[in-house]
Amino acid sequence: MAQLDTREKLAILADAAKYDASCSSSGTSKRKSSGGKGLGSTEGSGICHAYAPDGRCISLLKILLTNSCIFDCHYCINRRSSNVRRARFTAQEVVALTLSFYRRNYIEGLFLSSGIIRSSNYTMEQLVEVARSLREDHDFRGYIHLKTIPDADPELVHQAGLYADRVSINVELPTVGGLTRLAPEKSATRIEDAMGEMKTAIIDTADAKKRYKSAPRFAPAGQSTQMIVGADAATDGDIVGKAASLYGRFGLRRVYYSAFSPIPDASAVLPLQRPPLMREHRLYQSDWLMRFYDYRPDEVAAAADDATGMLPLDIDPKLAWALKFRDRFPVDVNRAPREDLLRVPGLGVKAVHSILSARRWRRLSLEDVARLTVSVAKVRPFLIADGWRPVALADRADLRPLVAPKRETQLELFAA
Ligand code: SF4
């Protein structure tokens, strides 16, 4: 490996980390001021934004320890057979970089992942050493998210949880068949075993912490994972089912969905085209329905097209479900229980909460509901209110074009 200075390594290893979505990073157009004009840059290496468990947006230094890897996962730009420029930080270089960025107030934490070098245990030792040194040698109190290596010794993975706020292990692909085909050196069983061990350790430590103040903290921000969408033949129904099973069995805080993007020098087994980004977005909306709107996974999957198993791209999954199960509507805004109101397209969790509070004192009209939603046109066919009853709208064959947004606005995403 050629001798590189820290700035060159940072450029390579921050760029290599951008494919990992499990720390939600923001994207924007490229702007810089290094030519002496203006102030600021959107091209600074390695800083991304993530959301802390309390909802704060925090800046993280997001890098790989190295982009060299002994594995050859077809979808990964860092795979063994990929012809990319390689770089590697030492653990102490990452520690120094984190501290220096932190002192300058550039970041509030570190997101660290790595290709596998020499062996899973050796790589995990290096990742743990970064977190250990930050916490013990420098009393670093910022946020740390460590990617763990599923094949590593469970004791090393456990140590990662003792130093990090959040740990994550990528399941990579929604089906075992997809993983076997595209990441033949990885094992779905070993990945899930590691998640199971992590879940047990998180629960045990949380219990101990309730009883003994001195009990060590362990991954207080929990564990998360990432699934690549569109690299294999898995349908949206498969992906929703897998995500629900992961949430249920391993108590994950988040499942991240990352639309597969074709990489330079790609393997011939990969699709030539990326899936529409809207597909990733619809999966995040489905995830939202399961986590905050009390939909069962099979209900979300039922919103998909029966023949293809794919969620529609032109409308959100909640609207798709409502159009398919019209017998569940209209819902009476003045009498329906919370779970039925949450099913009404256009009513978000906050709007339902406001409706439940307000109707204790008076009956609500459609105008009252209109103040709580960004699209009353979307709500009207599905709701009964004081002075309003839809006239057989739910039976109309042309209902879909009437309620489908012309262009989905940012606010509509939160009023799904
Ligand atoms: S193990 Fe990770 S870094 Fe290595 S090729 Fe597979 S996905 Fe890429």
Task: Residues that are surrounded by fewer than 19 Cβ atoms within 10 Å (Cβ to Cβ), among the acidic types (Asp, Glu) and either in contact (Cβ under 8 Å) with a residue 24 or more places away in the chain or within 30 Å of residue 309 (Cα to Cα) (or both), drawn from region 197-237 - done: 197
TODO: Sort out which residues of region 72-118 are more than 16 Å from the ligand (Cβ to nearest atom) and β-branched (Val, Ile, Thr), and write them in order of number.
DONE: 90, 94, 95, 98, 107
Open item on the list: So for region 333-340 (the condition being surrounded by 20 or more Cβ atoms within 10 Å (Cβ to Cβ) and not assigned by TED's automatic domain parsing to the domain that holds residue 221), does at least one residue qualify?
Closed with: yes
Task: Boolean, residue 338 is in contact with a Leu (Cβ under 7 Å, 6 or more places away or on another chain) and of a type in the set (Lys, Arg) - done: yes
Open item on the list: Scan region 313-325 and tell me whether some residue there is touching a Ser or Thr at 6+ places or on another chain (Cβ under 6 Å) and at pLDDT 95 or above.
Closed with: yes
Task: Cβ-Cβ under 7 Å pairs, at least 6 apart or on other chains, region 244-258 side buried (at least 21 other Cβ atoms within 10 Å of the Cβ), far side among the acidic types (Asp, Glu) - done: 255/287; 257/280
TODO: Could you grab me the full set of residues in region 189-204 that are within 15 Å of the ligand (Cβ to nearest atom) and either among the charged types (D, E, K, R) or within 14 Å of residue 228 (Cβ to Cβ) (or both)?
DONE: 190, 191
Open item on the list: Can you tell me which of (1) crowded, with 20+ Cβ neighbours inside 10 Å; (2) under 28 Å from the mean Cα position of the chain (by Cα) is the one residue 369 doesn't meet?
Closed with: (2)
Open item on the list: What's the number of the only condition in (1) crowded, with 19+ Cβ neighbours inside 10 Å; (2) farther than 30 Å from residue 260 by Cβ; (3) over 25 Å from the mean Cα position of the chain (by Cα) that residue 323 fails to meet?
Closed with: (2)
Task: Single match in 127, 146 (criterion: free of Cβ contacts under 8 Å to residues at least 40 places away in the same chain, within 16 Å of the ligand (Cβ to nearest atom) and assigned by TED's automatic domain parsing to the domain that holds residue 84) - done: 146
Open item on the list: Going residue by residue through region 151-174, is there one that turns out to be within 23 Å of residue 259 (Cβ to Cβ), modelled with pLDDT under 95, away from the ligand (no atom under 14 Å from the Cβ) and part of a helix (DSSP H, G or I)?
Closed with: no
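The values are calculated or read from the model by the stated rules, or taken from the named source; none is laboratory data. Since this is a predicted model, take the numbers as computed values, not measurements. Note that each Cβ is placed from the backbone with ideal geometry, even for glycine, and that neighbours are counted across all protein chains shown.
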